[in-house]
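Structure first, then comments.
The values are calculated or read from the model by the stated rules, or taken from the named source; none is laboratory data. Remember, it's a predicted structure, so these values are computed and weren't measured experimentally. Cβ atoms come from the backbone with ideal geometry, glycine included; neighbour counts cover every protein chain shown. Calculation scope for accessible area: heavy atoms of the full protein, side chains included, ligands and nucleic acids excluded. Shrake-Rupley method; radii C 1.70, N 1.55, O 1.52, S 1.80 Å.
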Amino acid sequence: MADMKPQAYRDERPAEYFDQFHASARKGVGWTYTFVRLIVSLPTLLIYRVRAIGRENVPKKGALVLAPNHFSQMDHFFCGLYLRRKIRFMAKSQIFGPPVLTYVFKHGGVFPIRRGHHDEEAFVTAFELLRQEEMLLVYAEGGRSRSGELGEARPGIGRIALESGAPIVPVAIHGSEGVRRWKRFSFPKVTVQYGEPLSFAVEESPSRERQLEVAQQVFARVREMYEGLAATRSGR
């Protein structure tokens with residue numbers, strides 16, 4: 001992972017700049033999502049030979065949160081490749097800026113979270129979309145692992161699980177840690193495994209410790225599936 005750029009964790013742009021993206025996300029997803037999906041799906045499938053396991057564990061309707069591990073900016077494409085439902089993504093605010101990409105994000109189901117800030121607006125959007133019975137994707141680690149190994153769970157996914165009561169589907173993505181090797185014409189085979197949904201009783205204003213406890217429960221299942229995929233790949 002040495003070729004990755006240094007990470008800028010905090011976004012110093014004012015919170016007001018991102019209001020437009022939250023407002024757009026709460027209105028729904030336009031044609032942009034379908035258009036980008038049509039363009040990206042076939043190359044993603046062919047280049048990375050993506051395989052999906054356990055798609056039957058993803059409910060076909062109702063509020064839902066996908067909670068995958070995260071190595072690559074391609075992970076959201078890998079997660080959604082074999083799912084018919086549209087995915088609404090919580091993503092770091094730093095990706096909003098370049099005009100074309102920002103247009104795609106704004107109209108394609110992506111909403112920002114300002115990491116390093118107490119960004120309540122991101123959670124307001126997340127809860128509103130779940131109220132609309134949408135399917136969200138929230139990375140359990142809170143961001144990309146830059147070590148090539150699984151990171152640690154962050155409390156955000158725990159908070160969403162506890163305050164919304166929506167089922168959480170743990171997702172293991174194996175192989176995407178090698179996606180950046182495309183510059184060396186090396187394209188890893190990627191496997192996505194969807195676990196059985198986990199449900200938690202609704203709690204108002206859970207403590208950070210409680211949020212982290214639930215997040216760790218979710219990520220423990222992600223880790224278990226990931227290690228199983230790794231063992232299968234290595235032939236053990």
* Calculate, for the chain, the solvent-accessible area per residue in square angstrom, rolling a 1.4 angstrom probe over the heavy atoms of the protein chains. => 51 Å²
* Structure fact -> The size of the Cβ-based charge dipole (Lys, Arg +1; Asp, Glu -1) of the stretch 125-207 about the Cα centre, to the nearest 20 debye, is 840 debye
* Sorted by accessible area with a 1.4 angstrom probe, largest first, how do V218, V100 fall? -> V100, V218
* With a/c under 1.5 counting as rounded, go ahead and sort the stretch 1-133 into rounded, prolate or oblate using the C-alpha gyration tensor (a ≥ b ≥ c being the square roots of the eigenvalues; past the cut-off, prolate if a/b is larger than b/c, else oblate). => oblate
* Structure fact -> Counting sequence-distant residues (5 or more places) and residues on other chains, those with an amide H built under 5 Å from that of G142 are R154
* Structure fact -> Taking max minus min of the Cα coordinates of the chain on each principal axis, largest first, gives extents in Å of 45, 40, 35
* Asked: Under a 1.4 angstrom probe, counting protein chains only, how are Y103, Y226, Y17 ranked by accessible area, largest first?
  -> Y103, Y17, Y226
* Structure fact -> A 1.4 Å probe over the protein heavy atoms gives the stretch 89-236 a carbon and sulfur accessible-area percentage of 51 percent
* Asked: Taking square-rooted eigenvalues a ≥ b ≥ c of the alpha carbon gyration tensor, is the stretch 70-171 rounded, prolate or oblate, where a/c under 1.5 means rounded and, failing that, a/b exceeding b/c means prolate?
  -> rounded
* Under the rule of -39500 (n - 2.57) per DSSP H run of 4 or more residues, summed and divided by the residues of the chain, what mean residue ellipticity at 222 nm is obtained, to the nearest 500 deg cm²/dmol? -> -12000 deg cm²/dmol
* Charge dipole magnitude, Cβ of K and R +1, D and E -1 - the stretch 73-156, Cα centre, debye nearest 20 -> 260 debye
* Using the beta-carbon distance between R51 and S199 and R0 = 35 Å, what value does 1/(1 + (r/R0)^6) give for FRET efficiency, to the nearest 0.05? -> 0.85
* Could you give the dipole magnitude of the chain about its Cα centre, charging the beta-carbon of Lys and Arg +1 and that of Asp and Glu -1, in debye to the nearest 20? -> 1140 debye
* To do: At 0.36 nm per residue, minus the direct Cα-Cα distance, what do T232 and E213 gain on full extension? Give it in nm, one decimal, please.
  => 3.9 nm
